[in-house]
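Participant: Can you keep this structure in mind? I'll have questions shortly.
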Amino acid sequence: QVQLVESGGGLVQPGGSLRLSCAASGSIFSINAMGWYRQAPGRERELVAVENNFGSTVYADPVKGRFTISRDNAKNTVYLQMNSLQPEDTAVYLCNMQGQRLRTSPPGAYWGQGTQVTVSS
């Protein structure tokens, strides 16, 4: 089994900052990429940011210049620094890992339970 545990969500005022963390553990043979998605009520899940093993990153247009993704490969951990938060950033943020559980396993996608981020005055 693969476990992804997120932390760092909460309530913040507009213009504020939060830092999310996600640690992957369990049966992990390899990780190809780690990233963050979010889902707001009544909306589809959307990509926020992702970083692959080569350090390449992709950001959704609404968060470019405000959010920064980073990884600690030694700890199988991914972070999301969120600055200048706005009410429209309110959502459940979910950690995603692309990788293999075993050498013989096909590549798969694994998800955390999510952490709530609420931006409100």
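The values are calculated or read from the model by the stated rules, or taken from the named source; none is laboratory data. Owing to the predicted nature of the structure, the values given are computational and were not obtained by experimental measurement. FYI the Cβ positions are ideal-geometry reconstructions off the backbone, even for glycines, and counts take in every protein chain you see. Accessible surface areas use protein heavy atoms only, side chains included; no ligands, DNA or RNA. Shrake-Rupley method; radii C 1.70, N 1.55, O 1.52, S 1.80 Å.
Participant: So how compact is the chain: Cα radius of gyration and Dmax in angstrom?
Facilitator: Radius of gyration, then largest Cα-Cα span, for the chain: 14.1, 50 Å.
Participant: Oh, and also: Ordered by residue, what ³J(HN,Hα) values in Hz, to whole numbers, does the stretch 57-64 give under the Karplus form 6.51 cos²θ - 1.76 cosθ + 1.60, where θ = phi - 60° and Gly and Pro are x?
Facilitator: 10, 10, 10, 5, 3, x, 10, 4
Participant: Right, here's the next one. Might you tell me the accessible area per residue for the stretch 56-121, computed with a 1.4 Å probe and given in Å²? Don't jump to the answer; show the numbers that get you there.
Facilitator: Details: 3460 Å² over 66 residues.
Per residue, the stretch 56-121 has an accessible area of 52 Å².
Participant: Something else about it: What is the gain in length, in nm to one decimal, between Leu11 and Glu88 on full extension, counting 0.36 nm per residue of separation less the C-alpha to C-alpha distance?
Facilitator: Extra length from Leu11 to Glu88 when fully extended: 26.4 nm.
Participant: Hey, another quick one. Of the accessible area of the chain, with the probe set at 1.4 angstrom, what percent is carbon plus sulfur?
Facilitator: Here carbon and sulfur together make up 48 percent of the probe-accessible area.
Participant: Then there's this: Residues of the stretch 81-121 with the amide nitrogen closer than 15 Å to a label point 7 Å from the Cα of Asn32, along Cα-to-Cβ, please.
Facilitator: Answer for this model: 96-111.
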